[in-house]
Amino acid sequence: MMVPFPSASHNAPPSPADISQGPALEQRPWVSLDAYDQSNYNPGRSKGIILLWWLLQAIIFPLTPHASHGPRRWLLRRFGATVGQGVVIRPTARFTYPWHVTIGDHSWIGDDVVLYSLTTIKIGNHCVISQKSYLCTGSHDISDPRFGLLVAPVIVENGAWVATDCFIAPGVTIGANSVVGARSSVFKSLPPGQVCYGNPCRPVAPRKLR
């Protein structure tokens with residue numbers, strides 16, 4: 001279960017008397033998803049623009065040749081993303097709300113990468129986000145019976161490499177020139193210039209260049 005930042009709610013959990021001792025499917029749920037309300041969240045564009053973006057991304061990205069990054073950069077910029085020079089974006093990469101995304105010069109976004117950009121995602125210059133990695137800016141308050149939405153930015157600083165199939169949680173900064181090893185789960189910010197890996201991900205050694 002992912003708990004990226006402290007809860008905003010201080011409601012006490014149900015008492016033991018409130019918790020059924022029977023099988024799991026007979027226990028009372030602690031959340032009421034029918035009361036979920038994210039009306040206080042503003043995605044930054046109208047529903048029409050959001051639907052248009054999702055439609056065009058679904059059609060145009062897969063139809064562009066694998067090595068033809070220009071049309072994908074162009075489309076992202078038309079929808080408000082800041083995309084630098086020489087950026088590589090593979091056709092199966094997905095951007096939830098591009099107007100919250102900044103990508104610096106000569107960075108690479110691999111196949112099946114998801115930028116779940118409910119709020120800001122900033123990727124610096126000469127960064128690599130490898131295939132199947134997931135940069136997540138949204139979660140939920142697990143102490144709130146209404147499962148309230150929580151959002152926080154993700155920042156990947158210059159020269160960092162997020163290797164394949166990594167999860168980057170809301171509020172995390174990957175320090176400049178650090179490496180996040182394959183299949184790591186990053187729940188806390190990482191310092192610059194380090195090789196990091198694990199679940200949870202931790203720095204294990206300085207990154208050295210030849």
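The values are calculated or read from the model by the stated rules, or taken from the named source; none is laboratory data. Owing to the predicted nature of the structure, the values given are computational and were not obtained by experimental measurement. Ideal geometry is used to build each Cβ from the backbone, glycine not excepted, and the neighbour counts take in all protein chains shown.
Remarks
- Pick from region 171-210, criterion surrounded by 18 or more Cβ atoms within 10 Å (Cβ to Cβ), touching a Lys or Arg at 6+ places or on another chain (Cβ under 9 Å) and hydrophobic (A, V, I, L, M, F, W, C), ranking: nearest to residue 161 (Cα to Cα): 179
- Number of positions in region 45-87 that are under 19 Å from the mean Cα position of the chain (by Cα) and of a type in the set (Ser, Thr, Tyr): 1
- Residue in region 33-40 that is hydrophobic (A, V, I, L, M, F, W, C) and either loosely packed, with under 11 Cβ neighbours inside 10 Å or out of contact with any strand residue (DSSP E or B) (no Cβ under 8 Å at 6 or more places or on another chain) (or both) present: yes
- In region 93-117, of all residues being in contact with a Phe, Trp or Tyr (Cβ under 7 Å, 6 or more places away or on another chain) and part of a loop (DSSP other than H, G, I, E, B), the one that is surrounded by the fewest Cβ atoms within 10 Å (Cβ to Cβ) corresponds to 96.
- Of the residues making up region 119-153, those that are assigned to a strand (DSSP E or B) and of a type in the set (Val, Ile, Thr) are 121, 123, 128, 129, 151.
- Total residues in region 154-181, condition in contact (Cβ under 8 Å) with a residue 24 or more places away in the chain and either over 22 Å from residue 106 (Cβ atoms) or not in a loop (DSSP other than H, G, I, E, B) (or both): 13
- Of all residues in region 112-139, those that are within 18 Å of residue 97 (Cβ to Cβ) and of a type outside the set (S, T, N, Q) total 13.
- Here is the figure for region 31-72: residues that are closer than 28 Å to residue 144 by Cβ and of a type in the set (Lys, Arg) total 2.
- Among the residues listed as 90, 73, the single one being of a type in the set (D, E, K, R), out of contact with any Gly (no Cβ under 6 Å at 6 or more places or on another chain), modelled with pLDDT of 95 or more and closer than 16 Å to residue 114 by Cα: 73
- Residue list for region 87-120, filter: acidic (Asp, Glu) and under 13 Å from residue 133 (Cβ atoms): 111, 112
- Subset of region 16-51 [within 22 Å of residue 141 (Cβ to Cβ), modelled with pLDDT under 95 and part of a helix (DSSP H, G or I)]: 18
- Selection within region 140-196 - at negative phi and basic (Lys, Arg): 146, 188
- Search result, residues across region 122-147 that are surrounded by fewer than 18 Cβ atoms within 10 Å (Cβ to Cβ) and among the aliphatic types (A, V, I, L, M): 142
- Filter result for residue 165 (surrounded by fewer than 21 Cβ atoms within 10 Å (Cβ to Cβ) and touching a Ser or Thr at 6+ places or on another chain (Cβ under 6 Å)): no
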